[in-house]
Amino acid sequence: MDARHMLLYRQIGAKIAYYRTLEGMSQEDLARKIAISKSTLSKIERGKYNSGLSIATLLNIADGLKVELYSLLLCTQEELRVLRAQAEREKTKR
């Protein structure tokens, strides 16, 4: 998986953590609510659950957080700028 994709998974994970915090939920609370393990949710939030993250899981997370799925997937122009800069930095490290 390329660096850009990895950064997108991290961005999705950060949004999940953000909305979870806004709802006043712990990782354990959300994981229990959507029937996944806390460990799995932690990996998703850190962008480390790349290969197994399904649309169904994302839908369950969005429902559990009471947000629309697109809220987790769409990036603002500023977020895209940051993602591109991070991808460039990771490329130069290789």
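The values are calculated or read from the model by the stated rules, or taken from the named source; none is laboratory data. What you are looking at is a predicted structure, and each value in this text was computed from that prediction instead of being measured. Methodologically, a virtual Cβ is constructed for each residue, glycine included, from the backbone with ideal geometry; neighbour enumeration extends over all protein chains shown. Calculation scope for accessible area: heavy atoms of the full protein, side chains included, ligands and nucleic acids excluded. Shrake-Rupley method; radii C 1.70, N 1.55, O 1.52, S 1.80 Å.
When the chain is described by a simple charge dipole with +1 on each Lys and Arg Cβ and -1 on each Asp and Glu Cβ, the residue from Ala62, Thr92, Leu22 located farthest towards its positive end is Thr92. Only Lys, Arg, Asp and Glu carry charge here, each on its Cβ (+1 for the first two, -1 for the last two); on that basis the chain has a dipole of about 420 debye about its Cα centre. At an R0 of 25 angstrom, the distance between the Cβ atoms of Thr92 and Ser42 translates into a FRET efficiency of 0.30. In the assembled protein chains, Thr21 presents an accessible area of approximately 90 Å² (probe radius 1.4 Å). The slack in the chain from Ser26 to Arg4, taken as 0.36 nm per residue of separation less the alpha-carbon distance, amounts to 5.1 nm. Packing order of peptides 38-48, 81-91, highest average first: 38-48, 81-91 (average count of other Cβ atoms within 10 Å over each peptide's residues).
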